[in-house]
Amino acid sequence: MAFTKHILVILVLLGVFNMCNAQGLKLGFYKKTCPSAEAIVKRETARIISVAPTLAALC
């Protein structure tokens, strides 16, 4: 019974860690569908961090 609980905990943790993964998102992902997406994200991230620099640790 204890072994089953340990296996269940391990499976749940693996599931949680897998959800935190980027799931294939990489540089150039939106190149065809939204060519300016990366520039927009970069600009907005820089703007927000310039106003609230402590947020950089969360990114």
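Residue 45 satisfies every condition listed in (1) exposed (fewer than 10 other Cβ atoms within 10 Å of the Cβ); (2) modelled with pLDDT of 85 or more except (1). Residue count for region 21-42 under the criterion of being part of a loop (DSSP other than H, G, I, E, B), at pLDDT 80 or above and under 17 Å from the mean Cα position of the chain (by Cα): the result is 5. Within the set of pairs 6 or more residues apart or between chains, which connect a residue that is touching a residue at least 12 places away in the same chain (Cβ under 8 Å) inside region 35-48 to a residue that is hydrophobic (A, V, I, L, M, F, W, C) and in a loop (DSSP other than H, G, I, E, B) with Cβ atoms less than 8 Å apart? Listed by first residue and then by second, the contacts come to 45/59.
The values are calculated or read from the model by the stated rules, or taken from the named source; none is laboratory data. This one's a predicted model, so the numbers in the text were calculated from it and none came from an experiment. FYI the Cβ positions are ideal-geometry reconstructions off the backbone, even for glycines, and counts take in every protein chain you see.
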